[in-house]
Structure formats: C-alpha cells, structure tokens
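The values are calculated or read from the model by the stated rules, or taken from the named source; none is laboratory data. Not measured: the values here are computed from a predicted model. Cβ: placed from backbone, ideal geometry, glycine included. Neighbour counts: every protein chain shown.
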C-alpha cells in the first residue's frame, strides 16, 4: 500500500513537533585559538630577535644599523636578563664595541628595562637585505646606426633564444663603448 505525501500544512506541523539537531558551529580560527597561548608566552619570554630585526634601524640609528644586525637573543634563566648577539661587518667591530653601552640602553628602551644586560659581538658579513637597495637607472637605448650594425652582424643567426641573448649582450657592450 502506497502512502501519500503530507500536505504543506501537515509538513510544517510535523517539522515543528520534531526536535532537530542544532547546526554545527565552525571551529574557531587558529589565531583566535592560539591567542591566549601567545599572550602567555610573550609575557614569559618577551619579544625575540624578530622584533629587533624588523625595527633595528629605528632602535640603534642609521649609522650603527648600516654596520650591524641582531642575530639572536639568549636567555639564561626565567626572569633573568638576556644576552644579545649582533653581527658586525669587519673592522667596524672595534667602533661598535665602544658604543656597546649606548646600544644596550637603546635595546632596553625598546624591549623593556633590564631585558638585555650583555652584548656579544660577532664579526661576519651582513645579510644583503640589511643594506638599503640602490636605485638602478635604465640604460639609454642604442642609436639607430649602432642598432642596425648589431642586427647586420647577427642576421645569419636563426631566430632563437640564442639570438635574443646575443642581441642583449651586443647592446650592453656597445653601450659601454660610449
């Protein structure tokens, strides 16, 4: 025996009487879930060398930042002051050594009073990102006569990436000859 479907009003009445499951809530985002833990860790251990690296120029000044970069912050025990290791470019280490009290004062101003009590200086090359990028000017184009001379010299070479590379090399050499 086939059963007929309920009418619209009967369906509404049936659904109103039935107890349904609540819709599932999405899990909290990772940032929200970890927020409490991160705050706790920041309170215990403070800011690390990442915060120093990001704002090193502001902390120590343009002259010192050009010759140094922070490497790591080493903590001895919980609650005691840390040692800051900085990398210094070559012969500037002697100058930086004399400026150590000033650097420590500025770092402590940024991280909090008594956060760092010792400065360890290591000589070595600085990262390339530590120096500000220099603006490169686009070289002027070759004049028409030189361009035609270059094209005549390469007309026997078939069109290929090699010919494109040879044209670029030729233009660079002819620009330097000026």
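Within the stretch 88-115, work out how many residues are in contact with a helix residue (DSSP H, G or I) (Cβ under 9 Å, 6 or more places away or on another chain) and closer than 29 Å to residue 41 by Cα.
Going through the stretch 88-115 one residue at a time, the tally reaches 9.
With a cut-off of at least 3 residues that are within 22 Å of the chain's Cα centre (by Cα), name the helices (runs of 4 or more DSSP H) lying wholly within the stretch 8-111.
Helices (runs of 4 or more DSSP H) meeting the threshold: 30-45, 49-54, 56-60, 62-67, 100-111.
Among 116, 88, which is the only one that is modelled with pLDDT of 90 or more and either surrounded by 12 or more Cβ atoms within 10 Å (Cβ to Cβ) or within 30 Å of residue 164 (Cβ to Cβ) (or both)?
88
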